[in-house]
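Here is the structure we will look at, set down as structure tokens.
The values are calculated or read from the model by the stated rules, or taken from the named source; none is laboratory data. On a predicted model such as this, the values are computed, not experimentally measured, just so you know. Every residue, glycine among them, receives a Cβ derived from its backbone with ideal geometry; neighbour counts consider all protein chains shown. Areas reflect the complete protein model, heavy atoms only, side chains present, ligands, DNA and RNA absent. Shrake-Rupley method; radii C 1.70, N 1.55, O 1.52, S 1.80 Å.
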Amino acid sequence: MSQHSVTRYPVSLQINGERYDVDVAPDTSLLDVLRDEFGLTGTKANCLEAECGVCTVLLDGKAVNACITLALQCQGRQILTIEGLAHGGELHPLQTAFIECGAVQCGYCIPGMILTAKSLLDTQPDPDEAAIREGLAGTLCRCTGYQKIVDAVAHAARQMNQQQSQIKTTTTGDRQ
Amino acid sequence: MSVQGFHIPQDVAETVALAARLGSEAYFIAGGTDLVIQMRRGRRKPGHLISLQALDGLKQIESGAGLVSLGALVTHKQIETAFAADPVLYGLVESAQVVGGNQVRHAGTIGGNICNASPAADLLPQLLTLDAEVVLTGGNGPRQAKLADFLLGPGRTTRSADELLTHIRFRRPAGKAATAFLKAGRRRAMEISVISVAACIGLSPDGRLEDVRLAVGAAAPMAYRAHDAEILLQGHKPDEDRLSRAGILAASAAVPISDVRASAEHRRRLVAALLPRAIRQCLLRIEKAAQ
Ligand SMILES: Cc1cc2nc3c(=O)[nH]c(=O)nc-3n(C[C@H](O)[C@H](O)[C@H](O)COP(=O)(O)OP(=O)(O)OC[C@H]3O[C@@H](n4cnc5c(N)ncnc54)[C@H](O)[C@@H]3O)c2cc1C
Ligand code: FES
Ligand code: FES
């Protein structure tokens, strides 16, 4: 069957806060759209069967495997990729923690790992080591042996919780 | 041949009408965690995909005092969260939380897990012990069936191509009751079950096993209820000897495969060992809840 006979459908995606419009085939994955259509190559490709997690992005705030998510399933939904994590040139606490803890070797798994971790910390702000390991289980790393990654996530959680409690004390302070 | 059509119906009626019009070439897609991989491998070749993404009414869990109703699009993660503090239904949490990694649990649904009908599908054993019923809507209107009757074999159910699974329902076990699910895989995460067992136990006021419902997964072409083991235990005190005899009975009903992950003999031994452990876990939960 020749390429041009495939029906393409328009889809509108909210990626990192911006709207992107594209026409895609029904079986085109979100991963292919991110990388090939929009050049967002921070999201990595490897097994293409949801086994390794390097393609992890957040869909409406929840970690999913972009390699088995169809682009058309994401119509009108919010997608966060690693490119959208830093704010105004300032790294996210998870990104800083990965650097400070030396949790990055070759780096290939890291975008997916950081977004997997973000999705975990967003629902469980203070996980213990077992919960962190369990939370990251869907994303594999060939290099680090995981300990430094787990340390980095724990470190980031502490930083984020501290920032949160500082915000709380200043707001209650203001009210007085 | 690639997929020609992608449809996003807005309600159940439209979904079912589309499915009837497009015929057996069309596949429903929920989370896609089974289907997309099967398409990649060339094992399924849908002409059309009917996406269930807009059917918000099927994404809810309704848990009243008596009846629990799960929409077919409820994800594994939702199940994990909804029953996290519920000793009676904690076995469902244990079932959902062993499915893949968090990414797969955010996308994968209970409806897909049931309709894909894998012998190793992890939600099935506990749902079987809960005597769950499935509710389907097709061209001829809605129908209800026992999950145990709905499942026919690997990849096979009584669902016709244009029938949409909308809900999964069961009666909440009453009185001193608890559930538990145990899975043996080769590693802790991201591994399909080598064997799994589920128990739903109700105790009489004098500590006898009054309501005993047991099921085994990944040990036969389809998850099954271990009826002989249930009968052996029914009405008796849960002493160690009887529990282990029940495990052996449940294992003898298994027709496991031998594959690279485990031999058939090893799988039988696992059933015999894990089933008593799941029952003891229920007893522990009942005891804790009473404190
Ligand atoms: C890496 C990985 C690990 C996994 N590990 C496990 C595991 O440990 N244990 C386990 O049990 N599963 C596991 N799975 C399988 C999978 O996640 C589940 O079976 C999931 O619940 C399927 O749901 P879905 O919504 O993704 O289904 P889909 O893939 O969307 O659909 C599956 C099938 O069901 C049909 N269908 C879906 N919803 C309906 C409906 N409402 N009505 C009628 N038909 C419907 C579809 O047409 C399709 O044929 C794993 C998958 C991956 C990718
Ligand atoms: S590339 Fe998506 S999980 Fe491996
Ligand atoms: S740092 Fe190399 S795979 Fe994780």
### Query
Going down the table (A:Lys118/B:Lys288; B:Lys77/B:Lys146; B:Lys59/B:Lys288; A:Lys62/B:Lys183; A:Lys118/B:Lys146; B:Lys59/B:Lys146), which pairs top 28 Å between alpha carbons?
A:Lys118/B:Lys288; B:Lys59/B:Lys288; A:Lys118/B:Lys146
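For peptide A:60-72, how many partner chain Cβ atoms fall within 10 Å of a residue's Cβ, on average?
On the way: counts 1, 1, 7, 8, 10, 9, 1, 4, 12, 6, 10, 1, 8.
Per residue, the average neighbour count from other chains is 6.
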### Message
Give me a comma-separated list of calculated 3J(HN,Hα) values for the stretch B:208-222, in order, Karplus coefficients 6.51, -1.76, 1.60 applied at θ = phi - 60°, integers in Hz, x for any Gly or Pro.
### Response
8, 6, 8, 10, 10, 10, 10, 8, 10, x, 6, 10, 7, x, 8
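With runs of 4+ DSSP H residues as the only contributors, calculate the mean residue ellipticity of chain A at 222 nm using -39,500 (n - 2.57) per run, divided by the residue total and rounded to the nearest 500. Can you show the working numbers first?
Details: 4 runs with 58 residues, N = 176.
Taking each H run of at least 4 residues, the total per residue is -10500 deg cm²/dmol.
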### Message
Above 19 Å lies some portion of the pair distances; for chain A, what is it as a whole percent of all C-alpha pairs?
### Response
59 percent
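Give the average over all directions of the projected area of the C-alpha convex hull of the stretch B:92-143, one decimal, in nm².
Computed as one quarter of the Cα hull surface, the answer is 4.3 nm².
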### Message
Of the candidates A:Gly89, A:Gly107, A:Gly135, which one comes out as most mobile in a Gaussian network treatment of chain A with C-alpha springs shorter than 10 Å?
### Response
A:Gly89
#### Entry: Label-point gap, in nm, between B:Ser244 and B:Ala290 - each point 7 angstrom along Cα→Cβ
2.5 nm
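Run through the DSSP bridge list for the protein assembly as shown and note the antiparallel percent, rounded to the nearest 5. Let's see the in-between values first.
On the way: 56 of 65 bridges.
Of those bridges, close to 85 percent are antiparallel.
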### Query
How much solvent-accessible surface does B:Cys115 expose, in Å² to the nearest 10, with a 1.4 Å probe and all protein chains in place?
40 Å²
### Query
In terms of the ratio Rg/(2.2 N^0.38 Å) built on C-alpha atoms, what value belongs to the stretch B:215-280?
1.09
## Note on the structure
When the charge dipole of the stretch A:36-101 is computed with +1 on Lys and Arg Cβ and -1 on Asp and Glu Cβ about the Cα centre, the Cα farthest towards its positive end, among A:Leu94, A:Phe38, A:Gly76, belongs to A:Gly76
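With a 1.4 Å probe and all protein chains kept in place, how do A:Lys62, A:Lys168 rank by accessible area, largest first? Show your work: numbers first, answer last.
Working: A:Lys62 105, A:Lys168 135 Å².
Largest accessible area first, the list is A:Lys168, A:Lys62.
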### 5 angstrom amide H check on A:Ala25, placed H, neighbours 5+ away
A:Tyr9
### Summary
The extension gain from A:Thr96 to A:Thr170, computed as 0.36 nm times the residue separation minus the Cα-Cα distance, is 24.3 nm
### Query
For A:Ala137, which sequence-distant residues (separation of 5 or more, or a different chain) have an amide H within less than 5 Å of its own amide H, given hydrogens modelled in the peptide plane?
B:Asn102
### Message
Among B:Gln103, B:Gln78, B:Gln60, which one shows the highest mean-square fluctuation when chain B is modelled as a Gaussian network with alpha-carbon springs under 10 Å?
### Response
B:Gln103
### Query
Got a number for the accessible area of B:Val74? Probe 1.4 Å, square angstrom, nearest 10.
0 Å²
### Over chain B: helical MRE at 222 nm, DSSP H runs n ≥ 4 each giving -39500 (n - 2.57), nearest 500
-10000 deg cm²/dmol
### For the stretch A:9-84: span of alpha carbons on each principal axis (Å, largest first)
29, 25, 21
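Over all directions, average the projected area of the Cα convex hull of the stretch B:137-291 and note it in nm². Please report the intermediate quantities before stating the final value.
Details: hull surface 43.7 nm².
Value for the stretch B:137-291: 10.9 nm².
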### Message
Please list 3J(HN,Hα) in residue order for the stretch B:32-38, calculated via the Karplus relation 6.51 cos²θ - 1.76 cosθ + 1.60 where θ = phi - 60°; whole Hz, with x for glycine and proline.
### Response
x, 6, 8, 5, 5, 5, 5
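Could you tell me whether the protein assembly as shown comes out rounded, prolate or oblate from its Cα gyration tensor? Rule is a ≥ b ≥ c as square roots of the eigenvalues, rounded for a/c under 1.5, then prolate if a/b exceeds b/c, otherwise oblate. The partial results should precede the final answer.
Details: a/c = 1.77, a/b = 1.25, b/c = 1.41.
Note, shape of the protein assembly as shown comes out oblate.
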### Message
Suppose we look only past 29 Å in the calculated P(r) of chain B. What percent of the Cα-Cα pairs does that tail hold?
### Response
34 percent
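With a Förster radius of 35 Å, plug the Cβ-Cβ distance of B:Thr158 and A:Gln162 into 1/(1 + (r/R0)^6) and report the FRET value to the nearest 0.05. Write down the numbers at each step before the final one.
Numbers: r = 56 Å, r/R0 = 1.60.
Once the sixth-power term is evaluated, E becomes 0.05.
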### Summary
Everything considered on the Cα gyration tensor (a ≥ b ≥ c; rounded for a/c under 1.5, else prolate if a/b is larger than b/c, else oblate), the stretch A:93-175 must be described as prolate
